[in-house]
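Below you'll find the structure, written out as structure tokens, and then a few comments.
The values are calculated or read from the model by the stated rules, or taken from the named source; none is laboratory data. These numbers were taken from a predicted model, which means no experiment stands behind them. Neighbour counts run over all protein chains shown; Cβ positions are idealised from the backbone, glycine included.
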Amino acid sequence: MSTALMNHPASISTRHEPIRVMVVDDSVVIRGMISRWIDAEADMKVVASLRTGLDAVNQLERINPDVAVLDIEMPELDGISALPQLLARKRDLVIIMASTLTRRNAEISFKALSLGASDYIPKPESTREAAAADIFHHDLIQKIRHLGGKVRRAAGASPPLAPVQERAREPLAKPAPAAAHAQTASMRRPFGTLAPRVLLIGSSTGGPQALMSLVTDLGPVIDRFPVLITQHMPPTFTTILAEHLARSSRRPAHEAVDGEPVKPGRIYLAPGGRHMKVGKHGSEIFIVLDDGAPVNFCKPAVDPLFTSAIEVWQGGIMSVILTGMGSDGMRGGKEIVAAGGSVIAQDEATSVVWGMPGAAANAGICAAVLPLNQIAPKLVRLFAGDRS
């Protein structure tokens, strides 16, 4: 029997109905583990546990999930083949691709994002690896909560119940109240008066697509200034992302190497599993990779890059915070602004998750909060001398 359906009716949403999750994986061990984690949360429930992509496609309308956790490698119909069929049947379905950390699976995950998947998550090689399983558990629950909750709010359904007890690893990032959103426009700061000498970018959930779109139009900036990016992403995935950024920007882009000089005309990407910082010796600016503890539950994290850059460029920093969960980048952004630099945040409407940029906007540190397609033109003008 390839299908194990849960007895949860796909009825019309009622107030506080939990996020409905469909788990699709050919491993009975993985399906069982993920299902237990989800059902332990008050604001979500498993409505189906399926073995193949074909099962998911055939039963989607009856199950009516909000979120699908979709394995890549499955018999009969694999995840990348099932993905467009699922979205054709339910356009607003949130699909989170799950795969082990191989180069092939990383490439497939990027392809899935281009085909409409909402996000990806790396699976541990073995469920016996306690630390890896713990990170997988935490990240999966947060992605389901934020992405599934956003779809519910967009559809006009009541938000799901908050968890009875949030995990110690990360507090629940609650949507900002309407009043806070209304205040952000009046909280905008003027851009720094010093000419920017570097562009720093931080991103997380939804970041790969946003970054590839952004760098496409940043040629005039990249040619004259260094661009340093921290994207929350594991090893192997950052290798592939750097290759995609090079193709999108038509400029050199690579994972940063410890000790290498920072030069104009290049994009430096924080490698998965290590924080990227910068240092200075005399007139030479160089990359510093840090294998320390996670910051803001992330490694790499945005804040270490932002704060280390102040020692090097002082007030000549232009920073951008793109879509992502949590608040990483907000504390570093505060320090950049205090040093005389500037922060731009992506707006809520174009963010997959308005956590990181929303935290910066509502902290009153942003000089601009812009739709994604307006950020690159704005940066080009600012680096050309515009200060407004």
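The table below gives the values:
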item: Filter result for M97 (of a type outside the set (V, I, T), farther than 20 Å from V151 by Cβ and either at pLDDT below 95 or assigned by TED's automatic domain parsing to the domain that holds Y120 (or both)); result: no
item: Answer residue from the range 334-386, given it is polar (S, T, N, Q) and within 16 Å of L200 (Cβ to Cβ) and is surrounded by the most Cβ atoms within 10 Å (Cβ to Cβ) among those; result: Q346
item: Any hit, the range 337-347, residues being over 25 Å from V278 (Cα atoms) and in contact (Cβ under 8 Å) with a residue 12 or more places away in the chain; result: yes
item: So P304, is it part of a helix (DSSP H, G or I), in the same structural domain as D223 (by TED's automatic domain parsing) and surrounded by fewer than 18 Cβ atoms within 10 Å (Cβ to Cβ); result: no
item: Residues of the range 58-86 satisfying the condition of being within 17 Å of R104 (Cβ to Cβ) and among the polar types (S, T, N, Q); result: S81
item: Candidate set: the range 234-256, residues that are outside any helix (DSSP H, G or I) and either modelled with pLDDT under 95 or of a type in the set (G, A, S) (or both); chosen: the one surrounded by the fewest Cβ atoms within 10 Å (Cβ to Cβ); result: P235
item: Residue that is modelled with the highest pLDDT [pool: residues in the range 129-170 that are surrounded by fewer than 15 Cβ atoms within 10 Å (Cβ to Cβ) and assigned to a helix (DSSP H, G or I)]; result: D134
item: Residue within the range 257-280 that is surrounded by fewer than 22 Cβ atoms within 10 Å (Cβ to Cβ), more than 17 Å from the chain's Cα centre (by Cα) and either assigned to a helix (DSSP H, G or I) or free of Cβ contacts under 8 Å to residues at least 24 places away in the same chain (or both) present; result: no
item: Subset of the range 203-227 [buried (at least 21 other Cβ atoms within 10 Å of the Cβ) and over 21 Å from G265 (Cβ atoms)]; result: S203, S204, T205, G206, G207, P208, A210
